[in-house]
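Engineer: After the structure tokens below, expect a handful of questions from me.
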Amino acid sequence: MQELFKKIINTDVKPLFSKNGYSKKNLNFYKADGNLTYKFNIQKAKYNTSSQVQFYVNCGVHSTELAELQSVELSGTILENISHFTCRIREIVPSAPAHYTLTPDIDPDALSKELVSHMEEGISFLHSLTGARDIVHYYMAKTALHLSEETFRFLLQAGDTEEAKHYLEQLHAKYGAEKRWAIFAKKYAAIFAEYGL
């Protein structure tokens, strides 16, 4: 199964990414476009055997604009490697499974065809994110805490004060009753203070 996995990656997956301008390093595919770097990672499961290989597809986008707005460098991590948009492929391609599994009784051609189709949809979705604002709005629409500090800095720096205040209200409505909210509220207050608000 390990050989079949390698064959699918080299024969079907790699050409798809090459056609779309991606470079490959190990099981990672990257494409830089302006201030964004699009990323796909194929993550093999921990406990694979000779008769079963399970793997996941992780998707990400790094934004140099958002990296510049991050409050601290994560220790030991280079900011260029951080994905500001990050998800498993199923989140952006609903027809994709939670993971892919190769076993002796599967049809490898059918699985490969399905995988490539999901990858194409994933590439199309990631490429629809053309700047920092698209990433920020994706997480704002979900009222997500992920990237919230960078989101406030991005909006306030752009002069979108009302939008930032509205987002703060949304976050408070969703998370305000949780114990951890006090920590976030303190961080957000400090960010607004940075911009004189």
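The values are calculated or read from the model by the stated rules, or taken from the named source; none is laboratory data. For clarity, every value in this text was computed on a predicted model and none was experimentally measured. Cβ: placed from backbone, ideal geometry, glycine included. Neighbour counts: every protein chain shown. Calculation scope for accessible area: heavy atoms of the full protein, side chains included, ligands and nucleic acids excluded. Shrake-Rupley method; radii C 1.70, N 1.55, O 1.52, S 1.80 Å.
Engineer: So which of LEU16, LEU66 is outside any strand (DSSP E or B), at pLDDT 95 or above and in contact with a helix residue (DSSP H, G or I) (Cβ under 6 Å, 6 or more places away or on another chain)?
Structural biologist: After ruling out the rest, the residue left standing is LEU16.
Engineer: For VAL13, which of the numbered conditions (1) surrounded by fewer than 16 Cβ atoms within 10 Å (Cβ to Cβ); (2) touching a residue at least 12 places away in the same chain (Cβ under 8 Å) fails to hold?
Structural biologist: Answer for VAL13: the failing condition is (1).
Engineer: Collect the residues in the stretch 46-61 that are open to solvent by 10 Å² or more (accessible area, probe 1.4 Å) and either of a type outside the set (Gly, Ala, Ser) or modelled with pLDDT of 90 or more (or both), keeping them in residue-number order.
Structural biologist: Answer for the stretch 46-61, where residues must be open to solvent by 10 Å² or more (accessible area, probe 1.4 Å) and either of a type outside the set (Gly, Ala, Ser) or modelled with pLDDT of 90 or more (or both): LYS46, TYR47, ASN48, THR49, GLN52, GLN54, TYR56, ASN58.
Engineer: Continuing with this model, one more query. Take the conditions closer than 22 Å to VAL93 by Cα, surrounded by fewer than 18 Cβ atoms within 10 Å (Cβ to Cβ), of a type outside the set (A, V, I, L, M) and within 17 Å of the chain's Cα centre (by Cα) and apply them to GLN43. Does it pass? Working first, answer last.
Structural biologist: Numbers: closer than 22 Å to VAL93 by Cα: yes; surrounded by fewer than 18 Cβ atoms within 10 Å (Cβ to Cβ): yes; of a type outside the set (A, V, I, L, M): yes; within 17 Å of the chain's Cα centre (by Cα): yes.
Here the answer is yes, as GLN43 does meet what is asked.
Engineer: For ASN20, state whether it is under 17 Å from the mean Cα position of the chain (by Cα), surrounded by 13 or more Cβ atoms within 10 Å (Cβ to Cβ) and among the polar types (S, T, N, Q). Talk me through it step by step, then tell me what you get.
Structural biologist: Numbers: under 17 Å from the mean Cα position of the chain (by Cα): no; surrounded by 13 or more Cβ atoms within 10 Å (Cβ to Cβ): yes; among the polar types (S, T, N, Q): yes.
Here the answer is no, as ASN20 does not meet what is asked.
Engineer: Quick one: what pairs do we get from the stretch 136-149, first residue closer than 11 Å to PHE85 by Cβ, second open to solvent by 20 Å² or more (accessible area, probe 1.4 Å) and not hydrophobic (A, V, I, L, M, F, W, C), C-beta under 6 Å, 6+ apart or different chains?
Structural biologist: That search, which allows pairs on different chains as well, returns TYR139/HIS146.
Engineer: Of these, THR130, THR103, which one is under 25 Å from the mean Cα position of the chain (by Cα) and of a type outside the set (D, E, K, R)? Steps first, please.
Structural biologist: Values: THR103 fails: under 25 Å from the mean Cα position of the chain (by Cα).
Being under 25 Å from the mean Cα position of the chain (by Cα) and of a type outside the set (D, E, K, R) holds for just one of THR130, THR103, which is THR130.
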